[in-house]
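**Student:** My questions will all concern the structure given below.
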Amino acid sequence: MGCYHGVIQAVLAYSGTDSARVAALCSETPGISESAWLRFQCVHGIGHGLLQTYTMNLPRALHGCDMLSNAWDSESCYGGAFMEFIVGGRGQSHHVAHVVAGPDSAGAGDEMDHSKMEHGEGSTFPPFKVRDPSDFLYPCSVLADRYQRACYSMQAGLIVERTGLDFAKVAQVCEGAPPPMRPVCYQGIGTYVSGVTARDPAEAIRLCSEGSMRYRSWCFVGVVKNFVDVTAKAEDGIDFCVRLGPVDIATSCYVAVGEQTGVLYRAMDRRAALCAKVEAAYVPACRYGAGLTPERPTPERPAALPTG
């Protein structure tokens, strides 16, 4: 997965961010158009690359994501930009060296002047702060509505910079987000937990259980989706869900596995074959997430099944 991020960043660093070139990058590469999972990695990598190119000017990078061909691509691109914003702000970016041809050179040139790009030379975008120590929910708190979901899904990675790996405190911060974004923020906790535990199921369950019961199922959704996203194996998600006790939480977990199966496999028969491996009681939940049936899972019918 990280390989795609690095390759796309390198392409944008050395080829530029002409809108037509960027838009075509993931559409014209053989194989990517045939797999939603590969396409996600590609357009997600564009988000990383745009933020790299625009030297941490997040609104400018997000605007670049808006130029992609459809909402799914743009949303996936946003996630890459937010991820790069987090690691870049820590000095952990994978930025490659930027080189531009000077006026007296033939290909080799001076190092790119990041200060000019950061201040939006040739654009209408003003400078953008990398961090705001007074605001735990920055940058989500200052961005347009269309970026909120992608932002809050990554916000846990910024919150831990202030709270440390105390996930009860991280959860408390998420509960201070606007109400519609609290489940999204909790799902982001799960994504972060998956990474920090190196996808250890038992430890991930322990850490997700430190948050409010009201939103806890969303944390597990974040964990299981990341399990599948990293390995591209839906079976890894099933192995996690089977460890969850409460029926409503397990149901939400299997719905999430179904959703990831829909990303991995375009063919409906492959989705169906995967869902057939799930515990019998939860097959309807997996099939619902995979888009194989419009019927919400029974008997629990959670009020708000985690999705996204």
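**Student:** What do you reckon, is GLY195 out of contact with any Asp or Glu (no Cβ under 8 Å at 6 or more places or on another chain), surrounded by fewer than 19 Cβ atoms within 10 Å (Cβ to Cβ) and either over 26 Å from SER35 (Cβ atoms) or of a type in the set (Val, Ile, Thr) (or both)?
**Tutor:** no
**Student:** Any residue that is over 30 Å from ALA273 (Cβ atoms), in contact (Cβ under 8 Å) with a residue 40 or more places away in the chain and crowded, with 22+ Cβ neighbours inside 10 Å - is there at least one of those in the stretch 215-231? Show your work before the answer.
**Tutor:** Keep residues of the stretch 215-231 that are over 30 Å from ALA273 (Cβ atoms), which gives 215-216.
Now restrict to residues that are in contact (Cβ under 8 Å) with a residue 40 or more places away in the chain: 215.
Retained after the next criterion (residues that are crowded, with 22+ Cβ neighbours inside 10 Å): none.
No.
**Student:** Within the stretch 254-269, identify whether any single residue is without any contact (Cβ under 8 Å) to a residue 60 or more places away in the chain and part of a loop (DSSP other than H, G, I, E, B), and answer yes or no.
**Tutor:** From the stretch 254-269, those without any contact (Cβ under 8 Å) to a residue 60 or more places away in the chain are 254-261, 265, 267-269; that's our starting set.
Narrowing the set further to residues that are part of a loop (DSSP other than H, G, I, E, B) leaves 265, 267.
Yes.
**Student:** Filter the stretch 221-258 down to the residues that are among the charged types (D, E, K, R), modelled with pLDDT under 95 and under 17 Å from the mean Cα position of the chain (by Cα) and list them by number.
**Tutor:** Matches in the stretch 221-258: ASP229 only.
**Student:** Moving on. Tally time: how many residues in the stretch 125-166 are among the hydrophobic types (A, V, I, L, M, F, W, C), farther than 18 Å from ILE86 by Cα and surrounded by 13 or more Cβ atoms within 10 Å (Cβ to Cβ)? Step through it out loud before you land on a result.
**Tutor:** The first filter runs over the stretch 125-166 and keeps only residues among the hydrophobic types (A, V, I, L, M, F, W, C), leaving 125, 128, 130, 136-137, 140, 142-144, 150-151, 154, 156, 158-160, 165.
Next, only the ones that are farther than 18 Å from ILE86 by Cα stay: 125, 144.
With the extra rule that they be surrounded by 13 or more Cβ atoms within 10 Å (Cβ to Cβ), the set shrinks to 125.
Of the residues in the stretch 125-166, 1 are among the hydrophobic types (A, V, I, L, M, F, W, C), farther than 18 Å from ILE86 by Cα and surrounded by 13 or more Cβ atoms within 10 Å (Cβ to Cβ).
**Student:** Select from the stretch 148-201 the residues that are among the charged types (D, E, K, R), under 29 Å from ASP66 (Cα atoms) and not in a helix (DSSP H, G or I) and list them in ascending order.
**Tutor:** Within the stretch 148-201, the first condition is being among the charged types (D, E, K, R), and the residues that meet it are 149, 161-162, 166, 169, 175, 182, 199-200.
Checking the rest, the ones that are also under 29 Å from ASP66 (Cα atoms) come to 149, 161, 175, 182.
Passing the criteria: only GLU175.
The values are calculated or read from the model by the stated rules, or taken from the named source; none is laboratory data. Bear in mind that the values here come from a model prediction, so they are computed numbers and not experimental data. Cβ atoms come from the backbone with ideal geometry, glycine included; neighbour counts cover every protein chain shown.
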